[in-house]
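The values are calculated or read from the model by the stated rules, or taken from the named source; none is laboratory data. Treat the numbers as computed from the prediction; the structure is a model and nothing was measured. In this analysis, Cβ positions are derived from the backbone assuming ideal geometry, glycine residues included, and neighbour counts consider all displayed protein chains. The accessibility values were calculated without ligands, DNA or RNA, using every heavy atom of the protein model including side chains. Shrake-Rupley method; radii C 1.70, N 1.55, O 1.52, S 1.80 Å.
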Amino acid sequence: MDEILPESPCPIQSWVNQASAFVAHYAQGLLRIDAVAPDILRVRFAPSGRLAPPRSWSPVLDLPPAGLSVTEDNLVVRMSTDSIGATLDLQCGLLQFLTPDGQSFAADLGPPLWREVALEEINMEHMPEPELPEGDARIGVFLQKLMAPDEGYFGFGQRTGQLDRRHRRLTNWTIDRSSPGHSRGDDNMYQAHPVFMAVRPGLTWGLFLNSTWYSSFDVGAQDDDVLNIFTLGGELDYFVFAGPTPAAVVEQLTRLTGRPMLPPLWTMGYHQSRWSYGTDSDVREIARTFRDHWIPLDAIHLDIDYMDGYRVFTWDEDRFPAPSETIAALHADNVRVVTIIDPGVKKDLETGYQVAESGLGAGHFIAHADGEPFSGWVWPDESLFPDFCRDATRLWWGDQHSGLVEVGIDGFWCDMNEPSIVDRPFREPGVCEQPVPLSIAQGDDGEALHAETHNLYGQLMAQATWEGLKRLRPGQRPWVLTRSGFVGVQRWAASWMGDNNAWWEHLEMSLPQLASMGLCGSPHVGVDIGGFYQNTHAELYARWMELGTFYPFMRSHAHCDSRAQEPWSFGPEIEATARSAIELRYRLLPYLYTLAHLAHRSGEPLLRPLLYDFPDAAHLHQIHDQVMVGPQLMVAAIYSPGVRRRLVELPPGHTWYDFRTGLPVDSDHLVADAPLGGIPILVRGGSILTLGNVRPCTAEPLSELTLEIYPDHNNPGAWTLIEDDGESFAYQDGMLCERAMWISPGSQGAELSIAAQSGDFAPALRRLAIRLHLAQPPASVLLDDNAVEDWTWDEARHAVVLGLDDDGQEHRIVPRF
Ligand code: GLC
């Protein structure tokens, strides 16, 4: 991009300070810096001197602004809030950011520059147009920042490959990355997340490039220590997050772009899917087999063949003659049903297809300047595409779900919403319209070009679906799964990473993908377990189920041409492995659901890379095949055939316990045995892991809650279990049950204190099983100051075991030696 020299705006000629903003005029262009919160600064630079108008569909929320103090000394302006500072050199336009103690980060290497860009210069895949639309769409803005030598760059969405994206060039443009499935080197993906965090020992800061246009980051690929930021659209707009930890950056990002939705409890159970369980009897058979084989299951997904000729919001009457009855029968068995919905609406004006007719009648579809609706060719052949940028269209789309909601569909799976129109041979290129033209106007009164809105198409579809469900089933939490999305997608939907392959490489790849999504504020993520394309096989499937237990969203899904991929499809041995993987998932649900509440409160990802919990342990930053699941568990993947043991790094400063043996590991690493069905799982000392009993589904209340207590001499432990009714919004009004617990050091072991339940929700009656891991058996055990008779010592797992009825009251368990 360097043949045509970009223009420079310098020097800055004047500036003013407003309460929470700083505005400067360059010789050409305008710079505005806002303290949108005490720990978040927004920087905007418009070479035209005009800042772009706010967009109704922006993923950014309005936060109460913070005061920004501004002073000038020797042609350098200093700005600060309580948590972040910045200096701006008025002569050369260089901006750098500062921690409260004066450490510099995200320092500019030059002022922002701009010039006209041609389509062939950028990596906008699936856009075979001759050129970019005229105007802002062609104006690229460039900024260079210095990368500290010890900084790793993490996040950037669902990309494959290394966790740390230093030395890579990354572009942000949503595409259908399906055929023939993504691989390690891919750049553009289904989702676009122009957001990252830079992690160095002692400081993590973050940056969100607030551009829905095509944009890119060159993270030291061209020049080692130079971060190149680029966007189309004629304006540079980015947020800087002060950190100073990865957790703080995720909190700041999700404060700005919305906290993750709280999923209904059933969605955290196991989901079974296939393209497609083609008839109602197939679906019922699958559900029955799960129950007959005692394998827990909460949901079955119906892929495109349930529809009448792929017309969205219809049923194929031969395959599903009585959907209400089918769904009712599944519900009677506590199996929920999720249906796929694609955005392409069949252009069928002959059969009384109400969706096409009402959408056309009210002008809800993306249309050319002459009013002629745009057509794309997808599953149902010629199709029309809703313009989700319009409020009225999102309302209308949400309402289309009413029929499916009436028959009892529980959740919706938004697919093909990049929007995918081009990558498959639905029709001949050149004969039919292919992608949505970049120059087509979207939104009310043609507010913005598709070039600006493209990256938001899937996200706005998910939003329309979520909001529609909220209206159609008041009081019940909606659940939406989306393939495409942008920063902020967490407010509306869970996501899966698209069409992977039944390859070991894709099992391995899933962890950096999901962990990176968590760093981008989107915690409810999973991949197709077993692999989508190709035939999976016994060992790969078993290993994938073991790891999938820990995916925030656990679903197996497979392509129509691939072999059967249900837990019993590989013989009794693998079925047993799959069953115990799913059983473990159900045992972990009290913990995982608490993590979902924490994610909803602060963005904290359920599954995250080690650097999230151990940012100062630089030697752990690059590890992509061990992840933390919440603060208590660490899982080490097995992703090669025949492997039965592996090295596991144990982050320093903690006692680690082997989850399976219950015993502490006394080293900074572990060569862990990993037989099939035995993926290494470690528990961080100081944890109080809450495990439920195995249940066939989440609709069955817990009959027992186990507290596994893992003391750590260096780290006192505390945990608060969070429960609610699992499906309504009543938790927002205090219908919650929170149970604080903590470990205190005892003379030779540790004591456990459990606070009384707080909140208005009362869980069903259950037993409480306490398992206190200790180095040696105590002489006696006190429960609330009274000696207990019926405790036992589990010699193999070195644990005191005792049970009591969970009366919701305060308790204290003290071992005496
Ligand atoms: C897309 C989806 C996949 C689905 C298929 C058929 O490829 O990514 O999950 O099964 O379409 O609907």
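Some notes on this structure:
- Net charge of the neighbourhood of Ile681, taken over other residues with C-beta under 10 Å away and scored Lys/Arg +1, Asp/Glu -1, is -1.
- Taking a ≥ b ≥ c as the square roots of the eigenvalues of the Cα gyration tensor, the range 647-716 is classed as oblate, since a/c reaches at least 1.5 and a/b does not exceed b/c.
- Cleavage-rule hits, trypsin sites (Lys or Arg not before Pro), the range 509-567, DSSP coil, Cβ neighbours within 10 Å at most 16: Arg563
- Euclidean distance between Cα centres, the range 603-667 to the range 693-737, Å: 23
- Counting only aspartates and glutamates at least 8 places from Lys470 when in the same chain, those with an alpha carbon closer than 19 Å to its own are Asp391, Asp399, Glu406, Asp410, Asp724, Asp725, Glu727, Asp733.
- Separation of alpha-carbon centers, the range 11-72 and the range 758-815, rounded to whole Å: 57
- Cα-based reach from Lys347 at 16 Å (exclusive), listing aspartates and glutamates while leaving out same-chain residues under 8 positions away: Asp308, Glu357, Glu372, Asp381, Glu382, Asp387, Glu433
- Eigen-decomposition of the gyration tensor built on the alpha-carbon atoms of the chain gives equivalent ellipsoid semi-axes of 43, 36, 23 angstrom, largest listed first.
- Annotation note: trypsin sites (Lys or Arg not before Pro) in the range 1-85 located in DSSP loop regions with a Cβ neighbour count of at most 14 within 10 Å are Arg50.
- Distance from the C-alpha centroid of the range 549-597 to that of the range 188-233: 34 Å, rounded to the whole angstrom.
- Percent carbon-and-sulfur accessible area, the range 259-383, ignoring ligands, DNA and RNA, probe 1.4 Å: 46
- The range 630-816: C-alpha gyration tensor shape, a/c 1.5 cut-off, then a/b vs b/c: oblate
- Solvent-accessible area, 1.4 Å probe, carbon plus sulfur percent, for the range 630-816: 50
- Take the Cα of Asp666, step 7 Å toward its Cβ, do the same at Leu51, and the gap between the two points is 6.1 nm.
- Annotation: per residue accessible area for the range 128-252 equals 26 Å², rounded to a whole number [probe 1.4 Å, protein chains only].
- Note, ³J(HN,Hα) from phi for the range 398-412, Karplus 6.51, -1.76, 1.60, rounded to Hz, x at Gly and Pro: x, 5, 4, 7, 4, x, 5, 5, 4, 7, x, 4, 9, x, 10
- The trypsin sites (Lys or Arg not before Pro) of the range 590-662 that meet both conditions, a loop assignment by DSSP and at most 12 other Cβ atoms within 10 Å of the site Cβ, are Arg644.
- Under 12 Å from the Cα of Lys145 - aspartates and glutamates, other chains or at least 8 residues apart: Asp108, Asp218, Asp223, Asp224, Asp225
- At a probe radius of 1.4 angstrom, the accessible area of the range 630-816 per residue rounds to 43 square angstrom.
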